[in-house]
Amino acid sequence: LCLWGHPYLNSIFLLFFFFFSLTPWVPVVGLEIHAQISSNSKLFSGSQVQFAAPPNSLVSFFDASLPGTLPVLNRRCVEAAVMTGLALNCSINKKSLFDRKHYFYADLPAGYQITQQRVPIAVNGSLSYSLCIDNKMSQMVTKTVRIKQIQLEQDSGKSLHDDVRSQTLVDLNRAGVGLMEVVMEPDMCCGEEAAAAVRELQLILQTLGSSQAVMAEGQLRVDANVSVHHPGEPYGVRTEVKNINSIRFLAKAVDYEIERQIEELESGGTILNETRAFDSKLGCTVPMRDKEGKQDYRFMPEPNLPPLILYNARSLPANMNHQQVVNIDWIHERLPDLPSVKRAKLVEQYGILPEHSFTLLNEAGLTEFFEDVIKQTQMKPKKVIGWILNDLLSYLKQHSLTVKESPVSSFLLADLLNRLEKKEISSTAAKQVFAELWKGEGKTPLEIVKEKKLQLIQDQEDLERICQAVIDGQENEVMAIKSGNRKVLNKLIGLVQRETQGRSNPVLVKQLLEKKLSE
């Protein structure tokens, strides 16, 4: 108190307080992503894996945790985890261990989850992802997030809350389904980065076939750990936003939580180490429960499963049955091209812009559609990509359809573009034809062109007559052009196009107008 009364020290304290009140906050975001493994059966039982099956119709004795039942490890799930680890530049542990993680919910019959806490199947990887600067696709930056580990674990069941009857029902169809938990280090700083990283991971999983990663079906669920701190200070207290099932919601949840924590701290409050949920209707996170500490889970080695042993070409014993082991090198040799490689190949092969390659891969099936059109048309890829992104994709999003659901097939679009390239129709007419094709009435581009009378006027004498009529009716514009204002010529071209209802070739119209104006 005596020191505080000193004028000099008062100034120091005020400056110190003022400095830290203006110091920007540094957000820190880390992710834990649960990806459902694409497998016919569960991780430790032979029960089938099927989305939206009748409740409790796909439950084995082990899934229901009946006494005396034992786990049997699914080879497919192990191979999927190894494949994913290799694609994410991880080191694959030749020996990994299973653990029991204890917690008590109605949808977890055993009272524990079998996971890999101590020695997971893959560690120390990385994921590179790209995002736009200021929402401009032409300005992209590539960032990298470290992968701490990938671990195998079983999913829990599902609690169905019936508010009308004030009861909760339990469906164990999902209990025991194989998961890969991908743990990302806190290397991100905003919702946009988190969303871009998850989208890239989703593409990789789908490319590998290790997970279908359909978020709407719960095959990819994200837990976001968020904290804020001042530069140079230790990380702040983090909160965990659980079970986010949409990339768009992930970005909103992270950004909201960052803003909420900053406002709380600047108003003199404290951040609780808690678990929160994202309410998509309200656009905010809400408290769920206090965050459990690791000691609450009472981790212990899983006594019913031996260590998981993997091999490579050098360590594989000579007399070993290849059907009974997992060979890391064999899996590595069969890795498909990852999204980053596919994008580079699209840019190199077709001469399209890098940002266009991102859009092609981000929409399921769009790359295949684009390449099918290329094979069937004489139009250059740079023009085709314009039709794919500006027209097809626009219609798909407007009607909330996937590429597979498009009423305009790659064959029909290629046929239309060929007629445009051969100058049988104008670009304006081509847009009309596309709109008619979208109705899905089974008509071909040629039938629509004939029915709507959209063919380009081939008779040059008729076109010359129309051009002359336009010139005769626009004396002021003609004088402006002859005075050197060539921009006015575009107006005359537009008038001819209107007169011909878009059935004239703009290039030919320009030549005819210039010829007549020079006479």
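What to note about this one:
- Helices in the chain, meaning DSSP H runs of at least 4 residues, each add -39500 (n - 2.57). Divided by all residues, the mean residue ellipticity at 222 nm is -11500 deg cm²/dmol.
- Full-extension gain in nm, M479 to V214, via 0.36 nm per residue minus C-alpha separation: 89.1 nm
- Charge context of L361, other residues only, Cβ under 15 angstrom, K/R +1, D/E -1: -3
- Computed E for R289/S400 - FRET, C-beta separation, R0 30 angstrom, nearest 0.05: 0.25
- Taken as entire DSSP H runs, the helices of the chain that both span 20 Å or more between Cα atoms along their own long axis and average 1.0 or more on the Kyte-Doolittle scale are 7-22.
- Share of carbon and sulfur in the accessible area of the chain stands at 53%, probe radius 1.4 Å.
- Estimated FRET transfer efficiency (C189, Q460; beta-carbon r; R0 56 Å; 0.05): 0.35
- Counting charges near I425 (Lys, Arg +1; Asp, Glu -1) among other residues having Cβ under 15 Å from its Cβ returns a value of +3.
- Cα gyration tensor shape for segment 26-301, rounded if a/c is under 1.5, else prolate or oblate: prolate
- 15 Å reach of a label modelled at S427, 7 Å along Cα-to-Cβ, counting backbone N of segment 353-387: 379-387
- Of the peptides 97-110, 203-216, 463-476, the ranking by mean beta-carbon count within 10 Å, highest at the top, reads 203-216, 97-110, 463-476.
- Under the simplified labelling scheme, the S126-A344 pair shows an inter-label distance of 1.4 nm, with each label point 7 Å from Cα along Cα→Cβ.
- Using C-alpha pairs under 8 Å with a sequence gap of at least 6, the mean separation divided by the residue count of segment 460-518 gives a relative contact order of 40 percent.
- With a cut-off of 11 Å between beta carbons, the residues surrounding N505 carry a summed charge of +2, where Lys and Arg count +1 and Asp and Glu -1.
- Accessible-area order (highest first, 1.4 angstrom probe) of the listed residues K375, K482: K375, K482
- Each Cα pair under 8 Å and six or more residues apart adds its separation to the average, and for segment 102-191 the resulting relative contact order is 28 percent.
- As a rough guide to protection, the peptides 54-67, 72-85 ranked by mean Cβ packing within 10 Å, highest first, stand as 72-85, 54-67.
- T270 - accessible surface, heavy atoms, 1.4 Å probe, Å² rounded to 10: 100
- Read-out Cα extents along the principal axes in Å, derived from the coordinates shown; its label in [x] 145, 63, 38; [y] 100, 45, 39; [z] 95, 83, 59: [z]
- With θ taken as phi - 60° and the Karplus curve 6.51 cos²θ - 1.76 cosθ + 1.60 applied, the whole-hertz 3J(HN,Hα) list for segment 152-157 is 7, 7, 9, 7, 8, x Hz, x standing for glycine and proline.
- For D279, nonlocal amide neighbours, meaning residues 5 or more places apart or on other chains whose placed amide H falls under 5 Å from its own, are C284, T285, V286.
- Ignoring lysines fewer than eight residues from K453 along the same chain, the ones with Cα atoms less than 19 angstrom from its Cα are K422, K423, K431, K439, K443.
- Accessible surface, the chain, averaged per residue in Å² (probe 1.4 Å): 53
- Per-residue extension of 0.36 nm, minus the Cα-Cα distance of N362 and V237, leaves a gain of 41.5 nm for this segment.
The values are calculated or read from the model by the stated rules, or taken from the named source; none is laboratory data. Since we're looking at a predicted model, the values are computed, not measured. Cβ sites come from the backbone with ideal geometry, for glycine too, and all protein chains shown count toward neighbours. Surface areas here come from the heavy atoms of the whole protein model, side chains and all, with no ligands, DNA or RNA. Shrake-Rupley method; radii C 1.70, N 1.55, O 1.52, S 1.80 Å.
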